[in-house]
Amino acid sequence: MAKILLLNAGSSSVKWKVFELTNEKMIAEGEVERINTPKAMITIKYNGEKIVNNEPDLGYEASVRLILKKIQELKIATLDEISTVGHRVVAGGRRFTKATKINAEVLEEIKNLKDFAPLHNPHEAHFIELMQKILPDVDQYAVFDSVFFTDMPEMNAIYSLPYEMSEKYGIRRYGEHGISHGYLSKRTAEILDRPLSELKIITLHLGSGASVAAIKNGKAFDSSMGFTPLPGLTMGTRSGDIDPSIVQFLMDKEGMSADDVMNLLNDKSGILGISGFSSDMRDIEARCAQNDERAALAREIFINRVVKYVGSYYTELGGIDAIVLAGGIGEHQIDLRADLLKELSILGIQVDAQKNQANQEGIISPDDAKVKTLLIPTNEELAMVQQIKKVL
């Protein structure tokens, strides 16, 4: 049976899943973490078992070869059964509006779009090249995170720059996590048993990377992320929204280059920068329990920024039918989720404590709540499979 291998590559990790192409059933999943470090490791979940192996000093190509080796050894799939490889690519700009078969021209354009996602596109392009080298006869497809936001209304997509400059350089709000936000909106309609085209929804993808999307009548209406994935919410290591004058200020005061400041905003800010010790909300929660003031501040700021965006989008949409929480933080941090939703009670958003504690997919608001609050584990990979199948 034909199978599809999906890769979600980053600078220090690569997540993968194998699906049966016809029935869209996931067979196995895993991740290689801490690539290029002495603590590199691979995790595999298959047949109800979880396998963890340490693989010190694993490089990028060795990581891909190890994934394929394990897939064969565990009889997840033979190489002949892998008919398609799908790659998550963050930035597609205005050029890519659907899943796209990768050839030399497409790959070059993905590389050229690095300005829109400097932390993502170069690594994703590198993994595409590795897979083309290792599996040269297998069709490869790119699925773009930005596609969901390509038809966002101009009033929300365009920055208040000289219009000619925006047009010349394609400067606009592209939004990211679009694969996730699109999946969440469709799943919400299924759970509520209502047409997506009639719903007004706010989706929260809350993880190390975090974003909020406003969705109206089944289409993206607004996004907290912008020209790149840097702005918006306070994230694991990203600052989120800041006054752009701070860039010049730090260059003058610290003798930093523009690249230095951008590295600071992308890799050393956010939850990590505020807390001073971790970008992981699980660590923050643990230190909050020990009355760590900076950890508490990081948690408070994270919640505050989400509340600001939700309040803005609620008004922009003229009220909402549902709000959805997803992502590593949204799906697993039960106490933080409850505190966040409590801050939104003025909007008629409520949470049932027992349903929230159960931590299962579905509606977690009281039955009579004006706004339906949902917990939905996001499934970007399934959405990728479905997008690829549309163009196969």
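The values are calculated or read from the model by the stated rules, or taken from the named source; none is laboratory data. Just so we're clear, the structure is a prediction, and the values are computed from it rather than from any experiment. Every residue, glycine as well, gets a Cβ built from its backbone with ideal geometry; the counts of neighbours run over all protein chains shown.
On inspection, Val324 passes the criterion of being crowded, with 20+ Cβ neighbours inside 10 Å, assigned to a strand (DSSP E or B) and either in contact (Cβ under 8 Å) with a residue 12 or more places away in the chain or assigned by TED's automatic domain parsing to the domain that holds Leu192 (or both). Note on the range 64-74: residues that are in contact with an Asp or Glu (Cβ under 8 Å, 6 or more places away or on another chain) and closer than 11 Å to Met131 by Cα total 0.
Would you check if there is a residue in the range 230-245 being free of Cβ contacts under 8 Å to residues at least 60 places away in the same chain, crowded, with 17+ Cβ neighbours inside 10 Å and in contact with a His (Cβ under 8 Å, 6 or more places away or on another chain)? No, the range 230-245 contains no residue that is free of Cβ contacts under 8 Å to residues at least 60 places away in the same chain, crowded, with 17+ Cβ neighbours inside 10 Å and in contact with a His (Cβ under 8 Å, 6 or more places away or on another chain). When the range 139-188 is limited to residues that are of a type in the set (A, V, I, L, M) and assigned to a loop (DSSP other than H, G, I, E, B), the one that is surrounded by the most Cβ atoms within 10 Å (Cβ to Cβ) turns out to be Met152. Just one of the numbered conditions (1) under 28 Å from Ile346 (Cα atoms); (2) modelled with pLDDT under 95; (3) not β-branched (Val, Ile, Thr) is not true of Gly311: (2).
Quick one: is Gly218 in the same structural domain as Thr315 (by TED's automatic domain parsing), within 18 Å of the chain's Cα centre (by Cα) and within 22 Å of Arg94 (Cα to Cα)? In short, no. Do the conditions hold for Ile71, that is, is it over 21 Å from the mean Cα position of the chain (by Cα), surrounded by 18 or more Cβ atoms within 10 Å (Cβ to Cβ), among the β-branched types (Val, Ile, Thr) and farther than 25 Å from Phe148 by Cβ? So Ile71 passes the test.
Return yes when Met256 is in contact with a Leu (Cβ under 9 Å, 6 or more places away or on another chain) and farther than 29 Å from Ile329 by Cβ and no when it is not. Even if it seems obvious, please write down each step before you answer.
Working: in contact with a Leu (Cβ under 9 Å, 6 or more places away or on another chain): yes; farther than 29 Å from Ile329 by Cβ: yes.
Yes: the conditions hold for Met256.
In summary, Thr378 fulfils each of the numbered conditions (1) surrounded by fewer than 19 Cβ atoms within 10 Å (Cβ to Cβ); (2) at pLDDT below 95; (3) not in a helix (DSSP H, G or I) with the single exception of condition (1).
Looking at the range 74-94, which of its residues are under 16 Å from Val391 (Cα atoms) and either of a type outside the set (Lys, Arg) or surrounded by fewer than 17 Cβ atoms within 10 Å (Cβ to Cβ) (or both)? Give the derivation first.
Start the filter on the range 74-94 by keeping residues that are under 16 Å from Val391 (Cα atoms), which leaves 83-88.
Matches in the range 74-94: Ser83, Thr84, Val85, Gly86, His87.
Being surrounded by fewer than 14 Cβ atoms within 10 Å (Cβ to Cβ) and closer than 17 Å to Met131 by Cβ is a property that does not hold for Thr22.
Would you be able to tell me the number of residues in the range 286-308 that are surrounded by fewer than 23 Cβ atoms within 10 Å (Cβ to Cβ) and either of a type in the set (Phe, Trp, Tyr) or in a loop (DSSP other than H, G, I, E, B) (or both)? Going through the range 286-308 one residue at a time, the tally reaches 4.
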